[in-house]
Amino acid sequence: MNIFTSGLYIVSTPIGNLDDITLRAIAVLKNSDFILCEDTRRTLKLLNHFNIKKKLISYHKFNEKKELEKIIRYLKEGKILSLVSDAGTPTLSDPGLTLINDCISKKIPIIPIPGASAITTAMSISGFDDQFLFYGFLPKKAELLNKTLSKLQNLDFNLVFFIPSIKLDFYIDSYKQYFSGRNIMIARELTKIHETIYRGNIDDIKFPKSKLKGELTIVISKNNNKNQLNDSQIKDQAIIYLRKYSLKDVVELISKKEKISKKIVYDVCLKIKNEKNT
C-alpha cells in the first residue's frame with residue numbers, strides 16, 4: 001500500500017557523500033511517478049547507488065517555464081512528483097521557485113523532505129555564531145558586485161555565499177575591499193574525499209598554488225571591530241594624510257591601520273576631494 005499522497009515533494013539529496021541521504025528521501029524517490037532533476041546524469045548516479053529506477057524529467061533554469069504546464073498536469077492527475085537539485089536542498093540557489101509558486105496558487109500540496117544543505121553544513125563548522133544571512137551566488141560583473149557588497153558590509157550578521165572556484169581571486173579581492181579585518185572560511189568539496197577547509201583573515205588568507213576546482217561555500221564573519229571609526233573620524237585622518245600622500249596611498253594606509261574596508265575610506269576621501277573642487 002502506498003502511504004505517500006499525491007503532490008510535489010521537495011527532496012534534499014547529498015551534497016557530496018551519497019550516504020548522507022535520509023531514509024525518508026529514499027522512500028519518497030522510490031514511490032515517485034516522476035523525478036524532476038537539474039542534470040539527469042547526476043541524479044541517475046544517486047538513484048543507481050540506491051537501486052531506484054524511476055522516470056526522470058529534465059528540469060533546470062533554462063526550461064522551467066516550458067515544462068511547467070506538463071508538470072502541473074501530472075500533479076492535477078494525482079501523481080507523485082519529486083523535485084531534486086544536483087546537490088543539497090532544492091530551490092536554494094537552484095531551480096524550482098517558479099514551480100512552487102504555481103503549486104501554491106493552484107493549491108497543490110507541497111511536501112518538504114529535509115536533508116543535506118551546504119549552507120548549514122558550512123555554518124556548523126565555521127566557528128562563528130549562529131546569526132547568519134545566506135545570499136547565494138553573487139553577481140559576476142564588478143559594478144553590480146560592488147553595489148551588492150556595499151549593502152551587505154553594513155549588516156551585523158555572518159554571511160554565506162556560493163562562488164565558482166575559477167572566480168575565487170576575483171571575489172576575494174572584492175571581499176578584501178568590503179570586509180577587511182573580518183575572518184573567512186572557505187569550504188571545498190564538503191563531505192567528499194577531498195574535503196578541504198581554509199580559514200583565516202580576509203586580508204591575508206593563503207591558498208595552495210594549484211587552482212581549486214568546483215563550487216565553493218564561503219562564510220564571512222560579522223564585523224567584530226567594535227571600535228571602528230565613523231566617517232567623521234576617518235575624514236579627520238584623511239584630511240591630514242591627503243596633504244602628504246596620494247589618494248591611493250591614503251586609502252591603503254588608513255584601511256590597514258584602522259582595519260576598515262578600503263571602499264569606506266575611499267568614499268570618504270572622494271568626498272573630501274569633491275568638497276575642495278566646489
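Does Ile104 satisfy being at pLDDT 95 or above, more than 26 Å from Gly16 (Cβ to Cβ), among the β-branched types (Val, Ile, Thr) and out of contact with any Pro (no Cβ under 8 Å at 6 or more places or on another chain)?
So Ile104 passes the test.
Yes/no per residue for (1) β-branched (Val, Ile, Thr); (2) over 28 Å from the mean Cα position of the chain (by Cα):
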position: Thr5; (1), (2): yes, yes
position: Thr13; (1), (2): yes, no
position: Leu36; (1), (2): no, no
position: Asp39; (1), (2): no, no
position: Thr43; (1), (2): yes, no
position: Asn51; (1), (2): no, yes
position: Glu69; (1), (2): no, yes
position: Gly96; (1), (2): no, no
position: Asp102; (1), (2): no, no
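When residues of segment 146-166 are filtered for being under 14 Å from the mean Cα position of the chain (by Cα) and surrounded by fewer than 18 Cβ atoms within 10 Å (Cβ to Cβ), how many remain?
Of the residues in that region, 4 qualify.
Pairs only if they're at least six apart or on different chains, beta carbon under 7 angstrom, first in segment 1-26 and closer than 21 Å to Ala118 by Cβ, second of a type in the set (Phe, Trp, Tyr); list them, first residue then second.
Ile26/Phe50
Please identify the pairs in which a residue from segment 58-78 that is within 17 Å of Thr43 (Cβ to Cβ) has its Cβ atom under 6 Å from the Cβ atom of a residue that is in a loop (DSSP other than H, G, I, E, B), counting only partners at least 6 apart or on another chain.
If the second residue must be in a loop (DSSP other than H, G, I, E, B), the pairs left are His60/Glu38; His60/Pro95; Lys61/Pro95; Glu64/Pro95; Glu67/Tyr59.
Pull out all pairs, ordered by first then second residue, where Cβ-Cβ is under 6 Å, the residues are six or more apart or on different chains, the first lies in segment 204-220 and is in contact (Cβ under 8 Å) with a residue 60 or more places away in the chain, and the second is in a loop (DSSP other than H, G, I, E, B) and surrounded by 10 or more Cβ atoms within 10 Å (Cβ to Cβ).
Correct list of pairs: Ile220/Phe179; Ile220/Arg182.
Output yes when any residue across segment 261-268 is out of contact with any Asp or Glu (no Cβ under 7 Å at 6 or more places or on another chain) and either exposed (fewer than 14 other Cβ atoms within 10 Å of the Cβ) or in the same structural domain as Ala142 (by TED's automatic domain parsing) (or both), and no when none is.
no
Which residues, counting only those in segment 232-255, are in contact (Cβ under 8 Å) with a residue 24 or more places away in the chain and either part of a helix (DSSP H, G or I) or not assigned by TED's automatic domain parsing to the domain that holds Lys271 (or both)?
Scanning segment 232-255 gives Ile234, Lys235, Ala238, Ile239, Leu247, Ser255.
Kindly provide the set of residues from segment 129-168 that are closer than 16 Å to Val219 by Cβ and assigned to a loop (DSSP other than H, G, I, E, B), ordered by number.
Those that are closer than 16 Å to Val219 by Cβ and assigned to a loop (DSSP other than H, G, I, E, B): Asp129, Asp130, Gln131, Leu138, Gln153, Leu155, Asp156, Phe157.
Could you list, in sequence order, all residues of segment 60-79 that are at pLDDT below 95 and in contact with a strand residue (DSSP E or B) (Cβ under 9 Å, 6 or more places away or on another chain)?
His60, Glu67
So which pairs qualify, if the first residue must be in segment 128-157 and polar (S, T, N, Q), the second must be loosely packed, with under 12 Cβ neighbours inside 10 Å, the Cβ gap must be under 9 Å, and the two must be at least 6 apart or on different chains?
Close Cβ pairs satisfying both conditions: Gln131/Asp156.
Checking Met185 against (1) closer than 25 Å to Thr120 by Cβ; (2) modelled with pLDDT under 95, only one condition comes out false. Which one?
(2)
Pull up segment 213-227, narrow it to residues that are surrounded by 13 or more Cβ atoms within 10 Å (Cβ to Cβ) and over 17 Å from the mean Cα position of the chain (by Cα), then point me to the one that is modelled with the highest pLDDT.
Applying the filter and picking the extreme gives Asn223.
The values are calculated or read from the model by the stated rules, or taken from the named source; none is laboratory data. These figures come from a predicted structure and were not determined experimentally. Note: ideal-geometry Cβ built from the backbone for every residue, glycine included; neighbour counts use all protein chains shown.
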